[in-house]
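Coordinate-derived values only; no laboratory data. Fair warning: this is a prediction, and the values are worked out from it, not measured in the lab. Note that we place each Cβ from the backbone using ideal geometry, even for glycine, and neighbour counts take in every protein chain shown.
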Amino acid sequence: MMNLSDPAIAVRDLRVVRGGAEVLHGLTFEVPRGQVTGLLGPSGCGKTTLMRAIVGVQIVSGGEARVLGEPAGSAGLRRRIGYSTQSPAVYRDLTVLENLRYFAAVLGAPKDDPERVLAEVGLAGAARQLGSTLSGGQLGRAGLAVALLGRPELLVLDEPTVGLDPVLRQELWTLFHRLAEGGTTILVSSHVMDEAARCERLIVLRQGEILADETPGALRAHTGTADLEEAFLRLIEERAAA
Amino acid sequence: MSVAITLATARRIMTQLRHDRRTVALMVLVPTLVMILLYYVMDDERSFGRWAPILLCVFPFLVMFLITSIATLRERTSGTLERLMAMPLGRLDLLLGYGLAFGLAACAQVALALAVSLTWLGLDLPGPLWPLVLVALLNALLGTALGLLCSAFARTEFQAVQFMPIVMIPQILLGGILVPRGQMATVLEWISDVLPMSYAIEAMAHAVADADPGGEFWRDVVVVAGSAVLALLLGAATLRRRTS
């Protein structure tokens, strides 16, 4: 039995090699429970690979990742983690509702879960639309809705707010914080720095290494700038100087 | 493995088919239309009677092979397979779901082709109908299983369709249709002996010609069914929870 004060995710010296090159160079960090943790960094820095390793679908070459007290990828975790990929993994030749009903059946989620998650991501109006007729932003939300099915303890969301208008983005962040207040741990990636301010904790990644792992406030204080975009640049300069 | 997840998967795949009416229409109508074409090309009931069972063998296999390999390839490239692999779905749940859904589609296909052949085209069966249906269905399952297996070796849909002639043409050439298997060079006969289609064609010939299919028919049926199970298990082995 695990302790509630244990971290939701504990990664130690994690290494991943893809296509002959090492893309994650021995990462070590923890993600606390019941918070929104942001995984920030430019495109290609290894965010998706790291998330895949945490979900347990990535072949890793070294180190370990423990998730909710079990080794990443254990069969017991498959019901406890909700994962939404960057390109929305939904069937384009099914309606949104048909997609959700199928994934809910696979997860053994309650019968009314599809309607609940549709309302949560603001997609109830498009429930009967085929995936292929949705806009990019709608597809992204459909993918996010699948991740919410069955109320998982941990949500791993790869760039869930890309291409959304500011109002929808605001709504989704409100949803993330509401879920975190209810005890859900959320790991959310973004390459947009202004989203970092909305997280309770930040892990900044660049070229497969961790540049920073602290709260947004601490990051601003330690880099001496109020702007997180600026803070990111300072971190890189610091690293280059060291 | 879970029966509920397997059935949910089969239902999902059939729903996808339902949204794609043109594919369903092609799948169900094409074998029948080719049967009719064959009838008029042969223009003689005896030759038609010899060729019809072969088409009834080849078509369910061919169509199911193509559809399954493309469908599973899409599942791999669209990310839905990765999503399912991160969920509590067993690999066999997915494969059997496909087998079940496409097996039902094959039933519709064979039913129409048979109905037209037996009525309009005057195909004569001395024995019962069920052996023929059994072989056709097993062939559809074999096609589904091999399609799943081959899709693991294709990265694009272009590559996937190229597997069709590779898998299909040698089996037809060596299956005893053009040249009886006993008259082939020894090496070719050995190869023919290990190709499941050879047994499917032989079983179909028995199903059409014999009043009471006996031991040889059953041996062939077991070989085809065994090949389908083997291909399904190999296909399951190609589905990986973790990828690079």
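Across peptide A:103-113, the mean count of Cβ atoms from other chains lying within 10 Å of each residue's own Cβ comes to 4.
Scanning chain B for chymotrypsin sites (Phe, Trp or Tyr not before Pro) in DSSP loops with at most 14 neighbouring Cβ atoms within 10 Å leaves B:1-119 as the longest stretch between them. Given in Å, the Rg to one decimal and the Dmax to the nearest whole number for the Cα atoms of chain A are 17.8, 56. Counting every C-alpha pair in the range B:87-195, the share spaced more than 15 angstrom apart comes to 75%. In chain A the longest region clear of trypsin sites (Lys or Arg not before Pro) that are loop-assigned by DSSP and have at most 12 other C-beta atoms within 10 Å covers A:129-242. Sorting the segments B:110-116, A:93-99 by their residues' average number of neighbouring beta-carbon atoms within 10 angstrom, most packed first, yields A:93-99, B:110-116. Roughly how far apart, in whole Å, are the Cα centres of the range A:167-242 and the range A:119-150? Between the Cα centre of the range A:167-242 and that of the range A:119-150, the gap is 26 Å. Per-residue 3J(HN,Hα) values for the range A:120-131, derived from phi via the Karplus relation 6.51 cos²θ - 1.76 cosθ + 1.60 with θ = phi - 60°, read 5, 9, x, 10, 4, x, 9, 3, 9, 8, 5, x Hz in sequence order (x marks Gly and Pro).
Derived from the Cα gyration tensor, the three semi-axes of the equivalent ellipsoid of chain B are 31, 20, 16 Å, largest first.
On the principal axes of its alpha-carbon atoms, the protein assembly as shown has extents of 92, 49, 41 Å, going from largest to smallest.
Report the net charge of residues surrounding B:Arg11, where surrounding means a beta-carbon distance below 11 angstrom and charges are Lys +1, Arg +1, Asp -1, Glu -1. Residues near B:Arg11 contribute +2 overall. Derived scalar couplings between HN and Hα for the range B:139-146 equal 5, 4, 5, 4, x, 4, 5, 5 Hz in order, rounded to whole Hz, by the Karplus curve 6.51 cos²θ - 1.76 cosθ + 1.60 (θ = phi - 60°), x for Gly and Pro. For A:Gly56, the shell of other residues with beta-carbons less than 9 Å away shows a net charge of +4, using +1 for Lys and Arg and -1 for Asp and Glu. Take each residue of peptide A:87-95, count the partner chain Cβ atoms within 10 Å of its Cβ, and average: the result is 6.
Please sort by residue number the chymotrypsin sites (Phe, Trp or Tyr not before Pro) in the range A:1-94 whose DSSP state is loop and whose Cβ has at most 16 other Cβ atoms within 10 Å.
none
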